[in-house]
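Every number here is computed from the coordinates shown, using simple stated rules; none is lab data. Just so you know, these numbers come straight off a predicted model, no measurement behind them. With ideal geometry, Cβ positions are generated from the backbone for all residues, glycine too; neighbour counts draw on all protein chains shown.
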Amino acid sequence: IPVTKGLSVTKFMVDEGTIGDWSHEGLPTDELSIQNGIMVTRSSKWPLLIDPQSQGLGWIRSREEKNQLKMTQLIDKRFRNHLEDSMAFGTPLLIENVEEEIDPVLDPVLNKEIQRKGRNLIIQLADKECEYSDQFQLFLCSKLANPHYSPETFAQLTVINFTVTMGGLEQQLLGRVLGFERAELEEQKQKLVEEVNHNKKILKGLEDDLL
């Protein structure tokens with residue numbers, strides 16, 4: 001059986017142009033952060049981010065802002081309205097400050113119990129049928145450093161540890177020091193990163209066309 005030596009799972013799962021986009025949106029470029037990004041974007045289950053430093057939260061906010069991201073909490077009085085509106089209109093919803101116990105009202109959404117009624121998709125929430133768009137995305141974030149979730153939660157969600165790594169912390173600190181000491185260098189760096197990323201996307205597109 002042919003075997004590729006030195007195969008990188010991250011390079012196999014995602015191209016450099018996408019990694020560049022994630023970096024521009026605020027995701028560190030260390031190996032663990034990229035793997036976390038892959039799980040958030042590729043998992044078949046909704047992601048639950050263990051994110052005590054709000055690193056993943058910041059990335060999701062930056063990434064989904066253009067898609068009219070709605071942010072809410074389970075204790076919000078209008079949480080149910082936010083959930084129903086996001087599902088109906090196909091906009092992303094981010095639930096902050098998730099504790100170890102998750103409201104059972106979310107079970108049909110977490111389990112993706114989607115039904116087809118005529119030409120429409122619906123989800124049954126308690127005693128109400130709610131419209132559902134296949135463009136809908138759900139993100140859950142917890143600031144707990146060491147939460148203990150039930151086996152049912154692990155079965156329903158993709159639990160991802162976004163705790164800052166040493167590599168990610170070094171990158172963030174370097175960026176802040178440069179921004180404070182030599183703001184013009186940091187700005188120049190960002191422009192160069194965007195230009196390199198743009199060129200990588202063009203190269204990837206040309207390679208795909210040739211194949």
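In the range 121-211, how many lysine pairs have Cα atoms under 25 Å apart, counting only pairs 8 or more places apart or on different chains?
Details: LYS189/LYS200; LYS189/LYS201; LYS189/LYS204; LYS191/LYS200; LYS191/LYS201; LYS191/LYS204.
Summing the qualifying lysine pairs gives 6.
Using a 10 Å cut-off on Cβ atoms, rank the peptides 26-32, 198-204 from the highest mean neighbour count down. Intermediate results must be reported in sequence, preceding the final value.
On the way: 26-32: 18.0, 198-204: 13.4.
In decreasing order of mean packing, 26-32, 198-204 become 26-32, 198-204.
Mind ordering 94-101, 117-124, 38-45, 135-142 by average Cβ neighbours within 10 Å, highest first?
The densest-packed peptide leads the list: 135-142, 94-101, 38-45, 117-124.
Treat the chain as a sphere of radius equal to its Kirkwood radius over Cα pairs and apply Stokes-Einstein at 37 °C in a medium of 0.692 mPa s; give the translational diffusion coefficient in µm²/s, rounded to a whole number.
On the way: Rh = 19.3 Å.
Rounded, D is 170 µm²/s.
Could you tell me how many degrees, from 0 to 90 and to the nearest 10, lie between the Cα long axis of helix 183-210 and the main elongation axis, the longest principal axis, of the Cα atoms of the chain?
80
Taking the Cα atoms only, what angle lies between the long axis of helix 55-64 and the longest principal axis of the chain, rounded to 10 degrees?
80
How many percent of DSSP beta bridges within the range 43-164 run antiparallel, rounded to 5? Could the numbers behind the result be given before it?
Working: 9 of 23 bridges.
Percent antiparallel among DSSP bridges in the range 43-164 is about 40.
Straight-line reach from LYS117: which aspartates and glutamates have a Cα under 13 Å away, not including same-chain ones fewer than 8 places off?
GLU129, GLU131
Based on the Cα gyration tensor of the range 43-164, what are the three equivalent ellipsoid semi-axes, each the root of five times an eigenvalue, rounded to whole Å and given largest first? The partial results should precede the final answer.
Numbers: eigenvalues 112, 54, 32 Å².
After diagonalising the Cα gyration tensor, the semi-axes are 24, 16, 13 Å.
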